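Working notes for the structure below.
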Amino acid sequence: MAEVTARNRSSSSSNKKKGLSGGILKFKILLEKLHKVVLLLVGKNNKPSSSSVKEGHFAVIATVEGPRRFLVPLRCLRNPTFLSLLERAAEEYGFDQLGAITIPCNPSDIETLLAHHQVEKEEDEK
C-alpha cells in the first residue's frame, strides 16, 4: 500500500514538472509575441508610417543595439548577405510579421548593405 502511495506521489510530481515546463514554453511564446508588438509600436511612433515607404522599397527594423528602422530597396533581395539576414529573421521571429520586417542584426549591418547597394547602383548607371 505504501508502495502505491509512493508511486502516485512520484507520478504527481512528474505531471507537475511537465505542466511547469509547458507553462514556461507558453510564457516564452507570449513574450516573443509581445516583443514583436513592442518593436512595431516603437517603429511606428519614432518613424514615418508604412504608407511613407517609397515605391520599390520595404521597411526593416534592425533590433540589436535598440530598434532602428531602414528603407531597403527591393534590389537588395538579390544580395546573398541580405538573404542570410532574412533567414535569421525567419528563424528568430517567423514569417508572420506585420509591417516592417524585424531582423536580429546590428544597424551597421544594414548600413553596410545599403552603402554597397548604392555603389552597385552608381556603377550600373555609368
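With the radius of gyration and the Kirkwood radius both derived from the Cα set of region 48-126, what is their ratio Rg to Rh?
Across region 48-126, the Cα-based Rg/Rh ratio is 0.96.
Put a dot 7 Å past each Cα toward the Cβ at ILE24 and ASP109; how far apart are the dots in nm?
2.7 nm
Values quoted throughout were computed directly from the atomic coordinates according to the rules given, and no laboratory measurement underlies them. This one's a predicted model, so the numbers in the text were calculated from it and none came from an experiment. For neighbour counting, all protein chains shown are included, and Cβ atoms are generated from backbone atoms with ideal geometry for every residue, glycine included.
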